[in-house]
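What follows is a short report on a single structure.
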Amino acid sequence: VVEFDVQTDEMLVNMGPQHPSTHGVLRLLLRTDGEIVHECTPHIGYLHRCAEKIGENLSPPQYIPYTDRMDYLAAMNMNLGFSLTVEKLTKTKVPARGAHLRVLIAELGRIASHLVGMGAYGLDLGTFSPFLYAFREREIILDLFEEACGARLTYSYLTIGGLTHDLPEEIEIPDGLASLTGRRAGERYPFLEVLEMFLQWLEPRIWEYHTLLTRNAIFIKRTAGLGILSPEMAVSYGCTGPVLRGSGVDFDLRRDGEAIYTDMYKGYEYEIPVAPFADAPREAVVGDNWCRFYVRMMEVVQSIRLVRQAIKKYQSTPGAVRENFKLGAKLPKDEVYLETECPRGQMGFYLVGNGEGNPLRLRAKSSSFCNLSVTDRICEGVPLADMPAIVGSLDIVMGEIDR
């Protein structure tokens with residue numbers, strides 16, 4: 001048998017910024033030899049909005065709406081991170097009832113974000129049904145957020161000192177939830193009762209998603225053993241969140257962060273999903289696409305658990321949900337930095353006060369930025385067709401990267 005090595009010329013191929021698999025305005029410059037990718041260079045800068053410099057010309061309460069536009073799929077978590085940073089600088093104490101409500105809202109935001117990540121990843125790999133199911137569930141969460149604060153995407157609800165206002169006592173059951181649970185649309189129920197209806201509906205659906213994707217033979221072929229990110233490489237590149245935990249590094253700021261953040265979760269019972277997993281398919285390798293995806297799926301289960309606990313703690317804790325923070329309050333002459341555990345990883349804010357109402361400096365450290373930086377290493381030598389699967393497993397949002 002005679003074998004021929006067909007020589008091809010190297011090509012530079014642009015993947016994006018218009019390509020739907022790049023999850024937004026991301027350009028990947030690929031150096032390919034035939035179908036094999038030898039080098040992958042991410043290019044950002046197509047969405048730059050000067051968000052950090054704008055923050056130096058506004059008071060902190062005025063800047064809250066700009067944080068919504070960073071990771072717009074997890075806007076509640078962005079609100080929380082910046083608010084906690086200002087509270088750390090000004091030593092503002094959030095009432096206990098407000099802290100429990102923050103946990104409830106932030107974990108609902110995590111569920112909504114991971115549902116989008118799951119559905120969009122299915123699209124990346126060529127299946128449409130999980131995307132529809134994910135958005136069906138996410139729409140109900142957005143309906144609940146709309147009842148709570150009047151918005152569906154950019155909320156500005158978690159603010160400095162707590163939350164802008166308390167939950168409504170009664171709401172109309174969302175049409176989507178009514179049709180799924182056999183209730184009559186338009187009927188009014190207590191907000192927390194509607195939320196519990198939704199959690200009861202969502203919990204068994206998680207295992208259906210596993211049937212559709214996680215345990216699907218084609219999905220496993222496209223994800224297991226590909227895009228392997230070693231624990232050492234994940235740490236050296238500053239990867240965080242599900243990308244880090246999918247590589248087997250047990251680190252989550254809700255448990256391991258600063259006291260001002262971990263105190264929110266004190267008294268809550270939950271687990272941190274970390275690879276390897278006992279029920280993983282035999283083809284899976286720690287740090288591959290499958291592990292990163294599975295971490296997010298298991299985090300949804302833990303977030304449901306946290307929301308249920310937060311409901312009980314919120315109901316049993318009297319008092320206000322916010323400590324007033326004046327719009328023109330002067331910021332101390334000091335500097336602080338704080339990171340929080342958002343759905344895509346650790347989002348950090350650096351704030352410098354100079355005795356004025358506006359901060360002297362404001363900077364943000366994005367989890368997706370660090371996670372994206374590792375693409376060249378994990379995409380080297382893979383077929384071109386595997387690029388969407390690898391990049392999609394990082395679950396990036398460009399609004400957070402290119403602020």
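The values are calculated or read from the model by the stated rules, or taken from the named source; none is laboratory data. The model shown is predicted, which means the values in this text are computed figures rather than measured ones. Methodologically, a virtual Cβ is constructed for each residue, glycine included, from the backbone with ideal geometry; neighbour enumeration extends over all protein chains shown. Surface accessibility is based on the protein's heavy atoms, side chains included, excluding ligands, DNA and RNA. Shrake-Rupley method; radii C 1.70, N 1.55, O 1.52, S 1.80 Å.
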Practice prompt. Those residues that are under 30 Å from Cys379 (Cβ atoms), not in a helix (DSSP H, G or I) and not β-branched (Val, Ile, Thr), I need them from region 181-228; list them, please.
Written response: Arg215, Asn216, Ala224, Gly225, Leu226, Gly227
Fill in: Identity of the residue in region 162-193, within 25 Å of Asn77 (Cα to Cα) and open to solvent by 50 Å² or more (accessible area, probe 1.4 Å), that ends up nearest to the chain's Cα centre (by Cα)
Thr164
Fill in: Check on Thr211, open to solvent by 60 Å² or more (accessible area, probe 1.4 Å) and of a type in the set (Ser, Thr, Tyr)
yes
Discussion item. Checking the structure you have, find out if any residue of region 6-29 is assigned to a loop (DSSP other than H, G, I, E, B), at pLDDT 85 or above and open to solvent by 100 Å² or more (accessible area, probe 1.4 Å).
Written reply: no
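Any residue at all in region 240-254 that's in contact with an Asp or Glu (Cβ under 6 Å, 6 or more places away or on another chain), assigned to a helix (DSSP H, G or I) and on the phi < 0 side of the Ramachandran plot? First the steps, then the outcome.
To start, the set of residues in region 240-254 that are in contact with an Asp or Glu (Cβ under 6 Å, 6 or more places away or on another chain) comprises 252-254.
Next cut, assigned to a helix (DSSP H, G or I) only: 253-254.
With the extra rule that they be on the phi < 0 side of the Ramachandran plot, the set shrinks to 253-254.
Yes: region 240-254 contains one or more residues that are in contact with an Asp or Glu (Cβ under 6 Å, 6 or more places away or on another chain), assigned to a helix (DSSP H, G or I) and on the phi < 0 side of the Ramachandran plot.
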Worksheet item: When you look at Val285, is it more than 30 Å from Met197 (Cβ to Cβ), part of a loop (DSSP other than H, G, I, E, B) and in contact with a Gly (Cβ under 6 Å, 6 or more places away or on another chain), yes or no?
Response: yes
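Residue-wise test of (1) under 18 Å from Arg344 (Cα atoms); (2) at pLDDT below 95; (3) not in a loop (DSSP other than H, G, I, E, B).
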{"position": "Ser83", "(1), (2), (3)": "no, no, yes"}
{"position": "Thr92", "(1), (2), (3)": "no, no, no"}
{"position": "Arg97", "(1), (2), (3)": "no, no, yes"}
{"position": "Leu101", "(1), (2), (3)": "no, no, yes"}
{"position": "Glu107", "(1), (2), (3)": "yes, no, yes"}
{"position": "Gly126", "(1), (2), (3)": "no, yes, no"}
{"position": "Ile140", "(1), (2), (3)": "no, no, yes"}
{"position": "Gly176", "(1), (2), (3)": "no, yes, yes"}
Practice prompt. Name, by its number, the condition in (1) surrounded by fewer than 19 Cβ atoms within 10 Å (Cβ to Cβ); (2) in a helix (DSSP H, G or I); (3) at pLDDT 95 or above that does not hold for Phe145.
Written response: (1)
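Is it fair to say Leu123 is open to solvent by 30 Å² or more (accessible area, probe 1.4 Å), aliphatic (A, V, I, L, M), touching a residue at least 60 places away in the same chain (Cβ under 8 Å) and more than 24 Å from Ser179 (Cα to Cα)?
Criteria met by Leu123.
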Worksheet item: (1) outside any loop (DSSP other than H, G, I, E, B); (2) out of contact with any Leu (no Cβ under 6 Å at 6 or more places or on another chain): which one isn't true of Val274, the others all being true?
Response: (1)
Worksheet entry | helices (runs of 4 or more DSSP H) within region 316-403 that include 2 or more residues open to solvent by 10 Å² or more (accessible area, probe 1.4 Å) and over 20 Å from His48 (Cβ atoms) | 375-379
Worksheet item: For residues in region 236-264 being aromatic (Phe, Trp, Tyr) and open to solvent by 10 Å² or more (accessible area, probe 1.4 Å), which is nearest to the chain's Cα centre (by Cα)?
Response: Phe251
Practice prompt. Take region 126-142 and flag every residue that is open to solvent by 50 Å² or more (accessible area, probe 1.4 Å) and of a type in the set (Lys, Arg).
Written response: Arg136
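Return yes when Thr85 is under 22 Å from Ala320 (Cβ atoms) and open to solvent by less than 10 Å² (accessible area, probe 1.4 Å) and no when it is not. Working first, answer last.
Working: under 22 Å from Ala320 (Cβ atoms): yes; open to solvent by less than 10 Å² (accessible area, probe 1.4 Å): yes.
So Thr85 passes the test.
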Item to complete: Look at region 252-281 and say how many of its residues are over 16 Å from Val301 (Cα atoms), touching a residue at least 12 places away in the same chain (Cβ under 8 Å) and not charged (D, E, K, R).
Response: 10
